[in-house]
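Report on the following structure.
The values are calculated or read from the model by the stated rules, or taken from the named source; none is laboratory data. Only a predicted model underlies this, so the values are computations on that prediction, with no experimental measurement involved. Cβ placement follows ideal geometry from the backbone for every residue including glycine, while neighbour counts extend to all protein chains displayed. Remember, those area values only see protein heavy atoms, side chains included, never the ligands or the DNA or RNA. Shrake-Rupley method; radii C 1.70, N 1.55, O 1.52, S 1.80 Å.
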Amino acid sequence: MKKINNLLLTSLFLLFLFQSCTEVEVKHDEPTQLISNKVAKELNQNYNRTRHSIISQTINKEDANSAWYSLEELENYIYYVKKQGKEKGYDVDGIRFYLGAYPDTQEYDTKANMTTIFLTPTGKKTSVQKGSVLNLPAMMQTSEENADIEEISPMNFGTMGHPPKAIYPSN
């Protein structure tokens, strides 16, 4: 009987241990910036009507009007930005999305002269680098909130819409 009790207690302990080691889902609030599909469709139609055609005419080819990143790419970038920010003494508070255009060179092949979207982290400096000499100007520096952090690499090279144009909703 004592062996059965010990076996039962050991099993319960191991079960508790394994359950406590499983990944805990972090609760997140619903974003406050959500828009309806109707509004998204209107925004995309307005862009295509007022800007996309002008850009396409200017570069003499159908320009990209969307960029796609996988969830894994975005999660990896967010992890990278948080880690780099901590290592470099920044309080990373967001990611800014910039519009850009690839150079019109062979190096970029089909993306040459096309619109792109790239991401860059934002935040402010929170501490002086470890091992650095006392630097009064750096200590007195007050960083702008939500400023781009140039010490952390931006991310680019999402996938363009097909064929490169995508109309919302892309089905």
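Assorted remarks:
- Test result for GLU30, farther than 20 Å from PHE118 by Cα, assigned to a loop (DSSP other than H, G, I, E, B), at pLDDT below 70 and of a type outside the set (A, V, I, L, M): no
- Hey, LYS61 of a type in the set (Lys, Arg), more than 22 Å from the chain's Cα centre (by Cα) and at pLDDT below 90 or not: yes
- Selection of segment 62-81 for residues being loosely packed, with under 15 Cβ neighbours inside 10 Å and in contact with a strand residue (DSSP E or B) (Cβ under 6 Å, 6 or more places away or on another chain) yields only TRP68.
- Top-ranked residue of segment 141-168 - restricted to ones that are outside any loop (DSSP other than H, G, I, E, B) and at pLDDT below 80, ranked as least open to solvent (accessible area, probe 1.4 Å): MET160
- Close pairs (9 angstrom Cβ cut-off, 6 or more residues apart or separate chains): more than 19 Å from TYR102 (Cβ to Cβ) in segment 46-70, hydroxyl-bearing (Ser, Thr, Tyr) anywhere: SER70/THR159
- Selection from segment 99-121 of residues that are closer than 15 Å to MET155 by Cα and open to solvent by less than 80 Å² (accessible area, probe 1.4 Å): GLY100, ALA101, TYR102, THR115, THR116, ILE117, PHE118, LEU119, THR120, PRO121
- Among the residues of segment 31-45, those that are among the charged types (D, E, K, R) and either free of Cβ contacts under 8 Å to residues at least 12 places away in the same chain or loosely packed, with under 12 Cβ neighbours inside 10 Å (or both) comprise LYS38, GLU42.
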